[in-house]
Structures are given as C-alpha cells and as structure tokens.
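A.B. asks: Here you go, one structure.
Just so you know, all these numbers are worked out from the coordinates, no wet-lab data involved. Keep in mind that what you see is a predicted model, and the values were worked out from it rather than measured. Cβ coordinates were reconstructed from backbone atoms using ideal geometry, including for glycine residues, and neighbour counts include every protein chain displayed.
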Amino acid sequence: MTKEKIILDCDPGHDDAIAIMVAGLHEKLDLLGITVVAGNQTYENVTNNALRICDYFKFDTTRVYGGVKGPLLRNQIIASDFHGETGLDGIKLPGTERKIEEKHAVNFIVDTLLNSEEKVTLVPVGPLTNIAMALRLEPEIKGKIKRIVLMGGSCGAGNHTPYAEFNIYADPEAAHIVFSSGVPIVMMGLDVTNKTMPDAEIVNKIQATNTKASDFLYQGLHFPKRYDENGNFIYHTLHDVVTLAYIIDESIVEVEEVECRVEIKDSEKYGQTVCSSCNCENTGNQKGNVIMAGKKINLEKFWNLLYEIIKLY
C-alpha cells in the first residue's frame, strides 16, 4: 500500500485532536510531522495540547514543531467558547515531559518539502499562518506540494462572523497568500464540515467500542455543554477530520471546482472566502483562484471510517 505523505498543521482544539488521532493511526497516511500554529487557543496551550495528544497515543516517532505565535497582521483571536481555557477542556489527558523540536515549524515544512523525493500533502486545519510563511520564505516548495487539503472557509455563511469562518478570519492575510499561491487547494469548508456533528446513536456506538481511542473521541464530542431548544445535547462537530477522511477515501466528500478569493479589504466581510459557484455575493471584477471545494459529504462512510480507526488503539 502506498501511503500519502502528509504534514498536519493544527491548533488543538477538540477536532484538531481527533485529526491527530486519525493522522497517526490510519495505515494510508505517512505522518511526517505535526506543526502547530496559534489559533483555537494561545500558542503555549495548543503546542502543549499537541504534545499531550501524541503521548496519549504513543506516537513516539512523531515530532511536534512549534510555529508562528500569532497572525501576520491582525490581533489574535481565540475560540475559548468552543474549546475552553486550555483548548482541550473536557478531555482528560496527563501532563507530558515531551518538548517541541528546536527547529521552527516553518523551517521544518520548507526543509521537509525540499528534501522529499515524493510530493507531500499539506493538511492545515487551523489558521494558515505557518503555510503562508513557508510559501513566502521559500517559493520553490510549491513544486514539492502535492496539494493543500485545508479545513476553513465556506461557500456560504461563516461561523465567526456572518461572512467568515474562524480559521480564515483568524488570519485572512495568510489565507490570501495560500489561496493565491497557485498550489492545488482542496477546501473543506463549513458547507460539508458542519454536517459532521454526531447524534446520540453515533455517540453511543463510539462509547461501546471501549478502546482508548474511542474514549478519547467520546470525551472530545462532549465539550462545550450545549443544548438545542428541545433539550437535546449538541455534540462537538468534527470539522478538521473531514480533511483526512477525504485524503484516505476521496469518495467520502464530493468536491467541485470553484473560483475563490479571500476578502482582506472590506472590514465587514473580512475573512470571507468569496466563491463564484455558490450563493456568495457576486465577485465583480475581483477574480478568484480556481480551487476544489467540498460540496457533499457521505456521512455513513465518514462515520464508518471513524469506527474502524477507534478500534485500532
């Protein structure tokens, strides 16, 4: 079996934590390293979270690299409402003695790509600051990137503002650099990722699997404590995991070609991914870049993939 070489760039974060689990456990993925960027929580919290997750799953050969500690231009925003004060509130993880690598994440991305005989897939599931910095530091890496499969954006409404999704809004200038880089991009936006919130039947099946991985996933789905108008618990949505599910099995997500640009000038729509094939406002004379965007997700296949993964550890 040919494994797809990936670098996972993340900001753990509950769904990032599950993405690390998937990346490290699935046989079709060759996880070259984890790079961390400030996003869901502070740089210190998210790097510590990545290290503790790797310890929990005994990913002893997986190296964690600390990246950029804030956005390129704007002030940092965090998502404590959805991830708590640590970024992983509700998940019981022991402390760790493991340290991040001395090499900076941006340098790791550049060096790994330049020295790889095969093309590598970048999987950013947080703000795109590390990826943008790597592209600016060494443009030659573009030829070594197979594709960028990212979680972020939307061809419709946002989740942090009416227009913008959190990861893009957290650093729109970095997103603009990445989206206009010419590298093949697959955007897993809210159009598909919002559909991965499980129901009680799915959560009960996860709990019944009774492994360390299933317990980890079960805990991660239960923060924050939210309920709908009928009193039903609202489980955590696995936005970031969709990127890896697509890489493992492209039939899980149907994608379409769209023209897309990142809004960085309009203060009201700052961070919006303006797509030409959706219900976004007309792009006018400002042309976007052609990317692939998630359109539909096969939830049965998605959850079956997760069920198989949590049996592994």
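A.B. asks: What value in Å³ per residue do you get for the convex hull of the alpha-carbon atoms in the chain?
C.D. replies: On the way: hull volume 40.0 nm³, N = 313.
Dividing the Cα hull volume of the chain by its residues yields 128 Å³.
A.B. asks: Fewest to most neighbouring Cβ within 10 Å: what's the order for C10, C54?
C.D. replies: Numbers: C10 30, C54 21.
Exposure proxy ranking, most exposed first: C54, C10.
A.B. asks: How far apart, in nm, are two points set 7 Å out from the Cα along the Cα-to-Cβ line at Y227 and at S180?
C.D. replies: 4.8 nm
A.B. asks: Quick one: which residues, 5+ away or cross-chain, put their amide H under 5 Å from the amide H of T35? H built at 1.01 Å from N.
C.D. replies: L8, D9, C10, Y65
A.B. asks: A further question follows. If you plug each phi of the stretch 176-191 into the Karplus form 6.51 cos²θ - 1.76 cosθ + 1.60 with θ = phi - 60°, what whole-Hz ³J(HN,Hα) values come out, in order, with x for Gly and Pro?
C.D. replies: 4, 4, 5, 5, 9, 6, x, 6, x, 10, 10, 9, 9, x, 4, 4
A.B. asks: What does the extension gain come out to for N210 and S251, with contour length at 0.36 nm per residue minus their alpha carbon separation?
C.D. replies: My answer for the length gained is 12.0 nm.
A.B. asks: Which far-off residues, 5 or more places away or on another chain, put their amide H under 5 Å from the one on D30, with H placed in the peptide plane?
C.D. replies: Under 5 Å from the amide H of D30 lie the amide H atoms of E4, K5, I6, each far enough along the sequence or on another chain.
A.B. asks: Then there is this: HN-Hα J couplings of the stretch 134-142 from phi, Karplus 6.51/-1.76/1.60, θ = phi - 60°, integer Hz, Gly and Pro as x?
C.D. replies: Going residue by residue, I get 5, 5, 6, 5, 9, x, 5, 5, 4 Hz, with x marking Gly and Pro.
A.B. asks: How would you order 216-222, 194-200 from highest to lowest mean count of nearby Cβ atoms within 10 Å?
C.D. replies: Final packing ranking: 216-222, 194-200.
A.B. asks: What list of ³J(HN,Hα) values in whole Hz, one per residue of the stretch 239-256 in order, does the Karplus curve 6.51 cos²θ - 1.76 cosθ + 1.60 (θ = phi - 60°) give from phi, with Gly and Pro shown as x?
C.D. replies: 3J(HN,Hα) across the stretch 239-256, in whole Hz: 3, 5, 5, 4, 4, 6, 4, 5, 5, 5, 8, 5, 6, 5, 10, 8, 10, 9.
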